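What follows is a set of notes on a single structure, which appears directly below.
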Amino acid sequence: MVRPASVLVSLWRAGLPKRERYAAAWFGPKGFASVVYGLLAVQSGIAAAQTVFELVALTIAVSIVVHSMSDVPVARAFDVEPIAGLPDDADTPRAAGSPAASQRDEPDRE
């Protein structure tokens, strides 16, 4: 919670729309520091070193899963024009007989 809050504070007067500030705070800078802190706890010799390291590892794993589940919905919230030169779903080769291929091959009926 500290990193997202610090990103929000640092972007407070950046002139970005609120939605972009929150997206930057959610996905923003994450560091390798958590792993280092966990390893420092293990090497410190404290009684709960293994527990601290396991909590750090669990936090990292949960963070990866949660961010992976939220990246597409957050990206879809932004109205962005398609970038020229990048392939889109219509340009992606599909296996014959797949639903996407058969839909693409049918003429528009509008």
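Annotation note: of VAL66, VAL52, VAL42, the sole residue that is of a type in the set (A, V, I, L, M) and either closer than 25 Å to VAL9 by Cα or modelled with pLDDT under 85 (or both) is VAL66.
Checking each residue in the range 33-54 for being closer than 17 Å to VAL2 by Cα, of a type in the set (A, V, I, L, M, F, W, C) and surrounded by 13 or more Cβ atoms within 10 Å (Cβ to Cβ) picks out only VAL35.
How many residues are over 15 Å from ASP79 (Cα atoms) and part of a helix (DSSP H, G or I) if we restrict to the range 1-25? Here the count works out to 13.
The values are calculated or read from the model by the stated rules, or taken from the named source; none is laboratory data. If you're wondering where the values come from, they're calculated on a predicted model, not measured in any experiment. Cβ: placed from backbone, ideal geometry, glycine included. Neighbour counts: every protein chain shown.
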